[in-house]
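**Student:** This is the structure I have questions about; it appears just below.
Please treat every number below as a calculation from the coordinates, not as lab data. Treat the numbers as computed from the prediction; the structure is a model and nothing was measured. All Cβ positions, glycine included, derive from the backbone under ideal geometry; neighbour counts span all protein chains shown.
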Amino acid sequence: MPRNENGFTLIEMMIVMLVISVLLIITIPNVAKHNSNINNKGCDAYIKMVQAQVQAYEMDKNQIPTMADLKEENYLRSDSNGCPNGNEVVIDSTGNVTAVAKTN
């Protein structure tokens, strides 16, 4: 009777594992780098959105708001915690919105 040898050899399995390992080594650092870029762009977009809400609040109330004012008056969602990259959004006395690194 002929033997049925339809399985993979040990060498073939090791080559497949090597190829998968090389692909993971190449892709994981790139994914991490793109994640920080995405968070920074998200922060820029959030700052622009808050700046627009500051201008809307200023037109409605004739005063420059704080972040708390914007949340209280529903110009911003009350659960918004700042930038995706962890920076804190600050409104200065002239109504300009900036992001600053959080201090612990």
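**Student:** Please give, to one decimal in nm, the separation of the simple spin-label points placed at K61 and I15, each 7 Å out from Cα toward the Cβ.
**Tutor:** The modelled label-to-label distance comes out at 6.9 nm.
**Student:** Okay, next question. Would you mind working out the magnitude of the charge dipole of the chain relative to its Cα centre, with +1 at each Lys and Arg C-beta and -1 at each Asp and Glu C-beta, to the nearest 20 Debye? Provide the component values of the computation, followed by the final result.
**Tutor:** Working: 8 positive and 11 negative charges, 73 e Å.
Result for the chain is approximately 340 debye, rounded to the nearest 20.
**Student:** While we're looking at this one, here's another question. Compute the helix-to-body angle for 10-61: its Cα long axis versus the longest principal axis of the chain, expressed 0 to 90° and rounded to tens.
**Tutor:** The angle comes out at about 10 degrees.
**Student:** For the chain, please report how many Lys pairs fall under 23 Å Cα to Cα, leaving out neighbours fewer than 8 apart on the same chain.
**Tutor:** 9
**Student:** May I ask which residue of N37, Q55, S93 lies farthest towards the positive end of the charge dipole of the chain, with charges of +1 (Lys, Arg) and -1 (Asp, Glu) on Cβ and the Cα centre as origin?
**Tutor:** The residue sitting farthest along the positive end of the dipole is N37.
**Student:** Normalised by the empirical 2.2 N^0.38 Å for globular proteins, what value does the Cα Rg of the range 11-100 take? Intermediate results must be reported in sequence, preceding the final value.
**Tutor:** Working: Rg = 21.2 Å, N = 90, 2.2 N^0.38 = 12.2 Å.
The value comes to 1.75.
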